[in-house]
1. With ASP105, ASP98, ASP144, ASP87 as the choices, which residue is open to solvent by less than 60 Å² (accessible area, probe 1.4 Å) and among the acidic types (Asp, Glu)?
2. Can you tell me how many residues in the stretch 64-87 are in contact with a helix residue (DSSP H, G or I) (Cβ under 8 Å, 6 or more places away or on another chain), modelled with pLDDT of 95 or more and not in a loop (DSSP other than H, G, I, E, B)?
3. Answer yes if at least one residue in the stretch 106-114 is closer than 16 Å to ARG188 by Cβ and modelled with pLDDT of 95 or more, and no otherwise.
4. Checking ALA54 against (1) modelled with pLDDT of 95 or more; (2) in contact with a helix residue (DSSP H, G or I) (Cβ under 7 Å, 6 or more places away or on another chain); (3) closer than 19 Å to VAL127 by Cα; (4) not β-branched (Val, Ile, Thr), only one condition comes out false. Which one?
5. Kindly indicate whether GLU226 is at pLDDT below 80, under 15 Å from the mean Cα position of the chain (by Cα) and of a type outside the set (Ser, Thr, Tyr).
6. Can we say SER91 is of a type outside the set (Lys, Arg), modelled with pLDDT of 95 or more and not in a strand (DSSP E or B)?
7. Would you pick out the residues in the stretch 32-50 that are open to solvent by less than 40 Å² (accessible area, probe 1.4 Å) and assigned to a strand (DSSP E or B)?
8. Just a yes or no: is a residue in the stretch 14-30 farther than 30 Å from SER158 by Cβ, touching a Ser or Thr at 6+ places or on another chain (Cβ under 7 Å) and crowded, with 18+ Cβ neighbours inside 10 Å?
Amino acid sequence: MIGLIAAMKSEIDAVTAKMSEVKTTQVGKVEFREGQLQDEQIVIALSGVGKVNAAMASTLMCHLYPIDALLSIGVAGGLQDEQEVSDLVISDYAVQVDFDTSAIDGPSGIGMKFEADPNLVNRAKQVAQKTNLPWRVGTVATQDLFLAAKEDYEYLMSRFPQAACNEMEGASVAQVASSFGVPFLILRTLSDVVTHEGNPMEFSTFEKQAAKQVAEFFEEFCKKGE
């Protein structure tokens with residue numbers, strides 16, 4: 001069984017539309033939808049935005065369902081100049097940017113880093129190539145901050161120059177998955193690129209397009225033997 005964590009209802013709805021035999025369960029404020037997608041049994045959770053919400057949904061999922069892999073899907077802001085809106089970022093690592101114990105631990109206390117499962121990374125790369133999506137493998141930076149101020153961007157890149165995108169859930173999902181010994185992967189569609197002027201698409205329009213894109217990607221991901 002594959003577990004999927006999504007922050008926004010549009011994302012969970014787009015995936016659910018492709019599932020069969022859907023069963024919905026509510027635990028606290030977290031909604032789980034279990035069913036069949038292509039060759040995989042999956043469960044998807046609507047977590048809400050932010051690290052605590054994502055960690056809570058991931059912990060419940062790992063405890064309640066026999067998942068073999070945990071994926072976090074959603075949108076993010078691109079951090080590299082060569083990126084474009086709607087590009088896909090496939091995580092090689094996830095880092096909690098706002099974790100900082102350097103006052104007592106020195107440089108090793110800056111950020112909490114987790115490595116994505118190489119087999120899941122390769123599987124996602126194959127799907128991206130097959131579906132002709134523009135993609136790159138890179139580090140996903142997570143913090144409870146919508147990256148809008150120039151100084152916040154400069155701070156992030158001074159510490160994690162290899163980061164490909166910034167968002168608010170992925171590394172917390174990674175931490176929970178690592179604690180339970182479950183392989184994880186983060187997939188992010190870029191809603192904007194920090195270094196570019198303006199946004200070529202209004203966000204509500206982009207949100208629908210991104211949800212559709214990730215649902216189609218995940219449907220292909222769930223075909224065994226691909």
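The values are calculated or read from the model by the stated rules, or taken from the named source; none is laboratory data. Note that the coordinates shown come from a computational prediction; the quantities given were computed from them, not determined experimentally. Positions of Cβ are backbone-derived with ideal geometry, glycine not excepted, and every protein chain shown enters the neighbour counts. Quick note on the areas: whole protein, heavy atoms, side chains included, nothing else; ligands and nucleic acids left out. Shrake-Rupley method; radii C 1.70, N 1.55, O 1.52, S 1.80 Å.
1. Values: ASP105 fails: open to solvent by less than 60 Å² (accessible area, probe 1.4 Å); ASP98 fails: open to solvent by less than 60 Å² (accessible area, probe 1.4 Å); ASP144 fails: open to solvent by less than 60 Å² (accessible area, probe 1.4 Å).
None of the others qualify; the one that does is ASP87.
2. Qualifying residue count for the region: 4.
3. So in the stretch 106-114, the residues closer than 16 Å to ARG188 by Cβ come out as 114.
If we keep only those that are modelled with pLDDT of 95 or more too, we end up with 114.
Yes: the stretch 106-114 contains one or more residues that are closer than 16 Å to ARG188 by Cβ and modelled with pLDDT of 95 or more.
4. The failed condition is (3).
5. Numbers: at pLDDT below 80: yes; under 15 Å from the mean Cα position of the chain (by Cα): no; of a type outside the set (Ser, Thr, Tyr): yes.
Spelling it out, it is not the case that GLU226 is at pLDDT below 80, under 15 Å from the mean Cα position of the chain (by Cα) and of a type outside the set (Ser, Thr, Tyr).
6. No: the conditions fail for SER91.
7. Step one: list which residues in the stretch 32-50 are open to solvent by less than 40 Å² (accessible area, probe 1.4 Å), which gives 32-33, 35, 37, 40, 42-48, 50.
Answer for the stretch 32-50, where residues must be open to solvent by less than 40 Å² (accessible area, probe 1.4 Å) and assigned to a strand (DSSP E or B): PHE32, ARG33, GLY35, LEU37, GLU40, ILE42, VAL43, ILE44, ALA45, LEU46.
8. Our first condition is that a residue be farther than 30 Å from SER158 by Cβ; within the stretch 14-30, this holds for 14-30.
Imposing the further condition that a residue be touching a Ser or Thr at 6+ places or on another chain (Cβ under 7 Å) reduces the set to 22, 30.
Keeping just the survivors that are crowded, with 18+ Cβ neighbours inside 10 Å gives 30.
So far as the stretch 14-30 goes, yes, one or more of its residues are farther than 30 Å from SER158 by Cβ, touching a Ser or Thr at 6+ places or on another chain (Cβ under 7 Å) and crowded, with 18+ Cβ neighbours inside 10 Å.
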